[in-house]
Amino acid sequence: MTLTVLIVSVVVVLAVGSFVFRAIPGVRAYFGFRGKRLITCPETHQTETVEVAAGEAAVGAFLTEPTLRLKECSRWPIRQDCGQECLKQIEVDPENCLVWNIVSKWYEGKSCVFCHKQIGPLHHLDHAPALLGPDHKTVEWREFRPEQLPDVFTSHRPVCWNCHVTETFRHLRPELVVERELEAKRSR
Ligand SMILES: [Zn+2]
């Protein structure tokens with residue numbers, strides 16, 4: 001009886017150990033491949049947004065190695081039957097084509113064009129910073145399609161969330177905005 005318990009315990013420990021051992025690359029693949037990415041479409045040579053099936057890559061990594069397949073592409077459904085050749089670009093450099101990283105890098109070290117305060121690092125739960133377009137309107141970066149961003153970043157300027165809210169209000173209700181210079185008295 002004691003021997004049986006011991007054998008069962010050893011088997012359970014080995015099973016749990018090997019599961020954990022295989023789960024680590026699976027979890028790493030899931031977090032490594034989730035999210036929208038920008039690639040250059042090998043067919044059109046245009047920037048497109050794609051998303052890898054991260055769950056499938058995780059299962060692949062759990063069993064043997066991650067199998068990459070697209071879950072979404074901005075050219076779908078028209079070109080849904082393409083060979084997904086762009087996956088090679090993701091395999092080579094999964095970090096640099098991630099939309100979140102591209103946007104973070106663009107805002108890094110930049111200051112708001114209105115208040116000149118430096119725009120802090122992007123956070124998923126924080127208010128998103130915005131952009132000032134050539135039409136003098138501010139737009140949150142998330143409102144653009146990701147594949148538009150490389151062009152948008154050349155024509156727009158960075159705006160912090162607070163100034164974006166103020167500017168939006170100024171555009172919507174200009175009659176309610178009163179421009180006031182800081183009174184000299186107040187600072188005395
Ligand atoms: Zn600002």
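The values are calculated or read from the model by the stated rules, or taken from the named source; none is laboratory data. Remember, predicted model here, so these are calculated numbers, not experimental data. Positions of Cβ are generated from backbone atoms using ideal geometry, with glycine treated the same way; all protein chains shown enter the neighbour counts. Keep in mind that these areas ignore ligands, DNA and RNA; they rest on the heavy atoms of the full protein, side chains included. Shrake-Rupley method; radii C 1.70, N 1.55, O 1.52, S 1.80 Å.
Looking only at the range 136-155, which residues are away from the ligand (no atom under 14 Å from the Cβ) and over 16 Å from Thr47 (Cβ atoms)?
If the condition is that a residue be away from the ligand (no atom under 14 Å from the Cβ) and over 16 Å from Thr47 (Cβ atoms), then His136, Lys137, Val139, Arg142, Glu143 are the ones that fit.
Considering each residue of the range 114-128, count those that are under 14 Å from Trp141 (Cβ atoms) and near the ligand (Cβ under 9 Å from one of its atoms), and give that number.
1
Restricting the first residue to the range 40-53 and requiring it to be within 14 Å of Cys97 (Cβ to Cβ) and open to solvent by less than 30 Å² (accessible area, probe 1.4 Å), which pairs with a second residue that is among the aromatic types (Phe, Trp, Tyr) and not in a loop (DSSP other than H, G, I, E, B) meet a Cβ separation below 7 Å and a spacing of at least six or different chains?
Pairs found: Val52/Phe33.
Scanning the range 89-113 for residues that are within 12 Å of the ligand (Cβ to nearest atom) and in contact with a helix residue (DSSP H, G or I) (Cβ under 9 Å, 6 or more places away or on another chain), which turns out most open to solvent (accessible area, probe 1.4 Å)? Talk me through it step by step, then tell me what you get.
From the range 89-113, those within 12 Å of the ligand (Cβ to nearest atom) are 110-113; that's our starting set.
Cutting the leftovers down to in contact with a helix residue (DSSP H, G or I) (Cβ under 9 Å, 6 or more places away or on another chain) gives us 112-113.
Numbers: Cys112: 2, Val113: 42 Å².
The extreme case among them is Val113.
Name the single residue that is most open to solvent (accessible area, probe 1.4 Å) among those in the range 18-38 being under 26 Å from Thr64 (Cα atoms) and part of a strand (DSSP E or B).
Within the range 18-38, the first condition is being under 26 Å from Thr64 (Cα atoms), and the residues that meet it are 18-37.
In the following step, the residues that additionally are part of a strand (DSSP E or B) were identified as 36-37.
Values: Lys36: 83, Arg37: 2 Å².
Checked the range 18-38; the qualifying residue most open to solvent (accessible area, probe 1.4 Å) is Lys36.
With a cut-off of at least 1 residues that are touching a Pro at 6+ places or on another chain (Cβ under 8 Å), name the helices (runs of 4 or more DSSP H) lying wholly within the range 68-163. Even if it seems obvious, please write down each step before you answer.
Details: elements: 87-92, 99-107, 149-155.
So the answer is 99-107, 149-155.
(1) assigned to a helix (DSSP H, G or I); (2) open to solvent by less than 50 Å² (accessible area, probe 1.4 Å): which one isn't true of Ala15, the others all being true?
Among (1) assigned to a helix (DSSP H, G or I); (2) open to solvent by less than 50 Å² (accessible area, probe 1.4 Å), the lone unmet condition for Ala15 is (2).
Filter the range 59-88 for residues that are of a type in the set (Ser, Thr, Tyr) and in contact with a helix residue (DSSP H, G or I) (Cβ under 9 Å, 6 or more places away or on another chain); which is surrounded by the fewest Cβ atoms within 10 Å (Cβ to Cβ)?
Step one: list which residues in the range 59-88 are of a type in the set (Ser, Thr, Tyr), which gives 64, 67, 74.
Narrowing further to those that are in contact with a helix residue (DSSP H, G or I) (Cβ under 9 Å, 6 or more places away or on another chain): 67, 74.
On the way: Thr67: 14, Ser74: 19.
Among those that are of a type in the set (Ser, Thr, Tyr) and in contact with a helix residue (DSSP H, G or I) (Cβ under 9 Å, 6 or more places away or on another chain), it is Thr67.
Contact list please: Cβ distance under 8 Å, first residue in the range 146-169 and within 22 Å of His123 (Cβ to Cβ), second residue within 14 Å of the ligand (Cβ to nearest atom) and open to solvent by 70 Å² or more (accessible area, probe 1.4 Å), pairs at least six apart or on different chains.
Taking only residues 6 or more apart or on different chains, the pairs are Val159/Phe114; Cys160/Phe114; Cys160/Lys117; Trp161/His127; Cys163/Phe114; Thr166/Phe114; Glu167/Phe114.
List every residue pair whose Cβ atoms lie under 6 Å apart, where the two residues are 6 or more positions apart in sequence or sit on different chains, the first residue falls within the range 108-127 and is among the aromatic types (Phe, Trp, Tyr), and the second residue, located anywhere, is within 11 Å of the ligand (Cβ to nearest atom).
Phe114/Cys163
Exactly one condition in (1) surrounded by fewer than 16 Cβ atoms within 10 Å (Cβ to Cβ); (2) within 15 Å of the ligand (Cβ to nearest atom) is false for Val159; which is it?
If we test Val159 against (1) surrounded by fewer than 16 Cβ atoms within 10 Å (Cβ to Cβ); (2) within 15 Å of the ligand (Cβ to nearest atom), just (1) comes out false.
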